[in-house]
Amino acid sequence: MPKKVLILSVSAGTGHVRAAEALEKAFRAEPEVTDVVQFDALAYTNKLFRDFYSKLYIKMVQNAPSVLGWLYKTSDEPWKTDKMRLMLDRLNTKPLVKFISEFAPDIVVCTHFLPAEIIGHLISRGKLDTRLSIVVTDLDMHAMWLCSTFHRYFVALEETKVHLENLGLPGDRITVSGIPIDPVFTQPWDRAAIRREAGLDPDTPLFLVSAGAMGVSPAEGVLEGLLRMERSAQAVIICGKNEELQARLEERVRQAANPLLRVKLLGYTNEMHKWMAASDLFIGKPGGLTTAEALAMGLPMVIVSPIPGQEERNSDHLLEKGIAIKCNEFTTLAYKITQLLADPAVLERMRQAARRFARPFAARDIARVLLAEPWDRPIELDQEKQDEMTKVANVGKKS
């Protein structure tokens, strides 16, 4: 039976949008899908609300990461901020609700909790007849992702599914899929050819440093650390859209006095898959999508300056699985990398661990699960069930 699919993201950072774009490609590849629409839900809200959701997050990452970590921790309780968030969302998203009602999708997939809440509310009120799925874009799942009305959750880890089951969600409505990434990360690439094309040495260790699409990154500290290298190495630093950062790094590279380190600086790129394929190590922050992409490429990670909250939790999983090492001080970065490169067997074990942990076909798997499963009634969590979940979540925690 033909299906219409709506995929909704939110541009608070870039990961939610990239996951949605990967899902759009996966659904378009399925013959029974007749129409796919994918967009940023914030595009249908007013400018004040849009700036609140997108720009505030970036500013907090840049200027107040400890506050962001505190907010993450204190709000990580089922339904704690639910009433306030629902009030704000419904007051500012009337055009979005109008579009969804007119499009009348058979399947809705949300890669952010904001649109999921709106869709769930419409379903619970009988105003929308659709199947709602929520795709979590980090390895762990914060309580803000919980929706009182839904059909299916897709999570990255079996551990996350166990957590949700123990909170009280039905296990048969939770699929361990991984985080959806673009299919380009599943293709084989010729490492040596990519390096030669970029004017880099095929045999010298290459490090990939990413500032992210928004340029929020400890790249300057990473560069200072790498300038202490006492063996030959290469680094590609992706500066994203942050032109000021790129200019500062270019000036620092010109001033640098380490002939052993070769640095290539780039702005925004759509070829992250090629740079990951060409690299020996990824150095940076473990965002959900970046992590999933690196895993798919079998690329070990050196974690620096994770954002307090979700990135710290992603970091915990990567360290536990032997995929990454963590550097707490830029002054020791060159030392830690040199130690790692000195033991090729350890580096190879990290590569193999990354490949085992990866779920490169998550987007395709999510699409096929949703297209194949029957039209079940939604799960609706009443107030009694929500109170029970809160009680379970708070066991052993200080009030």
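The values are calculated or read from the model by the stated rules, or taken from the named source; none is laboratory data. Just so it is clear, the model here is predicted, and its values are computed rather than measured. Cβ coordinates were reconstructed from backbone atoms using ideal geometry, including for glycine residues, and neighbour counts include every protein chain displayed.
Summary of values
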| read-out | value |
| --- | --- |
| Hey, Ile238 without any contact (Cβ under 8 Å) to a residue 40 or more places away in the chain, touching a Phe, Trp or Tyr at 6+ places or on another chain (Cβ under 9 Å), β-branched (Val, Ile, Thr) and not assigned by TED's automatic domain parsing to the domain that holds Lys55 or not | yes |
| Residue match in the stretch 21-29 (condition: modelled with pLDDT under 85, assigned to a helix (DSSP H, G or I) and buried (at least 18 other Cβ atoms within 10 Å of the Cβ)) | no |
| Enumerated helices (runs of 4 or more DSSP H) restricted to the stretch 306-380, each holding at least 2 residues that are surrounded by fewer than 18 Cβ atoms within 10 Å (Cβ to Cβ) and of a type in the set (Lys, Arg) | 344-357 |
| Only listed residue being within 30 Å of Ile7 (Cα to Cα) and free of Cβ contacts under 8 Å to residues at least 40 places away in the same chain, chosen from Glu243, Glu165, Glu220, Glu197 | Glu165 |
